[in-house]
Every structure is written in C-alpha cells, then in structure tokens.
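Structure first, commentary second.
The values are calculated or read from the model by the stated rules, or taken from the named source; none is laboratory data. Bear in mind that the values here come from a model prediction, so they are computed numbers and not experimental data. Please note: Cβ atoms are built from the backbone with ideal geometry, for glycine as well, and neighbour counts cover all protein chains shown. These area figures cover heavy atoms from the full protein model, side chains too; ligands, DNA and RNA do not enter into them. Shrake-Rupley method; radii C 1.70, N 1.55, O 1.52, S 1.80 Å.
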Amino acid sequence: MPQIEETRPKYLQIAHHLREQILRGDLRPGDEVPSERRLAADWSVSRPTAARSLAALSHQGLVEKRQGSGTYVRAVAANRRAREFYGRARQIGRIHPPGEYAVITSAGWLPAPDHVAEALSLAPGARAVHRRRVTRNESGPVAISTSWFGTDVGERAPRLRELDRIQEGTLLYVENMTGRQGSYAEDRLCARPATEGEAVDLELEPGAAVLIVHHVVHDMRDRPLEFAEATYPPGRWAFEQGYPIG
C-alpha cells in the first residue's frame, strides 16, 4: 500500500490510488472497491477520511454506492481521442498522429466566458488564456477546439499566448511549466446545429449537426487545470462505452 504524503490531502491520495486502479483495469466495472473500514485500516486514516475519498470518486463518476451492499466501479465512458492524445504526447513528444495537424487561429488573454470561469473555478469575468485551433488531415477539417487556462497557468506558461504550435501538446507543456500533473478528466457531450463560424471552419452545410465536447482536466490536488471546448463534424467521432449486462 502506498505511503501517505503529508503535503497532499490524505483523501485525495487514496482517491487517486483507487482511480489509477480503475483506469488501468485492475478494478473493472461491477467490481466492489474497498470499504471505508478497509481503507481506514489499510491507509491508517480515519473513517471520515476514507469516506471522503470514496465520495471524491463518486463525484468523478467512477464509482456508485449501493444501499446496504457497498461501493462499486461504474462503467466509464471512454473519450478515446483525448486519451490517445495524452498517451501519444507522453510517449513520443507529439500529440497528433501522422497526417494530422492543427492551425492555431487565435491565442492570448480574454475575459473568461461564464461557463469557462465556472469550469476553472475562476471569478466571473476573470482573465484567462485561450488557444483556438482547427485540426485537419488530408481529407479536411477534423475538429475545432479551444483550450482555456486560468490566470496563474497563463502567466507561468507564456507559449500558450503565442500562435506558434506547441508540438508536445498544450497539456504536457503546461505540466512541465507549472509542475501540476493532469490526473483525471471529465467530459460532457451534446449535439446541436453548427454555428455559422463552425460551419465555415469545418466545411459543413449551414445548420449541419455537430458534436460538442466540454473537457475538464483536473490535477493531482483535484484542481481544474484545463477546460477545452471541442466541435466535431459528423463522422469524425466515436463515443465508446463498455459496461456489464449480466
């Protein structure tokens, strides 16, 4: 069992350990996770601390509590594209696969829109750094995406404010510049008609359906690190989910 580090909240360390087991597949959908009593004994913490770690995992959508039974791993929807991006960046130092590239169309400081400020835990109207890009391959545009970062990140990672591409990807660059490592992400998806600007950038007919993904990356201390809003044209996205049916 890993040792408790005094510099990080104990409940987050326990939650991170369990989350890693879930994401690696050591704990699979439907498996029971250790109880509060077991976690308290294994980690030498109080029952309330153990309960708080399970509550954090529940908030992240990774586990669910069943009355009178225990806490179990939920089926996790996989944002395959985001996961592949991060894995590729860490392994080979490049985020896009061969034949795919991004053009940065704008970057710099802007007042954070309300939904961005809420996602990044910023005060309403606070400054944030944005990077908007159009990703393409040989067959045309693949996606439009805008990444947003809070004031502290924007000041410590100056390349975010420039139009030059960041070959290793914005998140890995931010991790290297700030020392804050991405731990887990949350995604929200919806479909709607494309705006006029989206239709132009994605080479779609006016009013064509697009998929919108809001992607929030949290660091090891459970603080929001990046908010990204992506727009995908039809036929460019696969939403995959595995779950038990027995």
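The table below gives the values:
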item: Distance (nanometres) between label positions extended 7 Å along Cα→Cβ at Glu100 and Ser139; result: 1.2 nm
item: Kirkwood hydrodynamic radius of the range 142-202, from inverse mean 1/r over distinct Cα pairs, in Å; result: 14.0 Å
item: Theoretical gain in end-to-end length, Leu110 to Arg188 [0.36 nm per residue, Cα-Cα removed]; result: 25.8 nm
item: Tyr184, Tyr11, reordered so the largest accessible area comes first (probe 1.4 Å); result: Tyr11, Tyr184
item: Accessible carbon and sulfur surface of the range 137-184 relative to its total accessible area, %, 1.4 Å; result: 41 percent
item: Calculated Rg and Dmax of the range 6-62 using C-alpha coordinates, Å; result: 10.7, 33
item: In Å², nearest 10: area of Ser139 left accessible to a 1.4 Å probe; result: 80 Å²
item: Paramagnetic reach from Thr195 in the range 122-137 [backbone N under 12 Å; point 7 Å along Cα→Cβ]; result: none
item: Surrounding net charge for Ser145, when Lys and Arg each add one and Asp and Glu each subtract one, Cβ distance under 9 Å; result: +2
item: Exposure rank, largest accessible area first [Asp219, Asp42; 1.4 Å]; result: Asp42, Asp219
item: Gain in span if fully extended, Gln181 to Glu20, counting 0.36 nm per residue against the direct Cα distance; result: 56.6 nm
item: FRET efficiency estimate (nearest 0.05) - Cβ-Cβ, Ser35 to Ala209, R0 51 angstrom; result: 0.70
item: Total formal charge among the other residues, if their Cβ is under 11 angstrom from that of His115, Lys/Arg +1 and Asp/Glu -1; result: -2
item: Solvent exposure, largest accessible area first (probe 1.4 Å, DNA, RNA and ligands not counted), of His115, His17, His215; result: His115, His17, His215
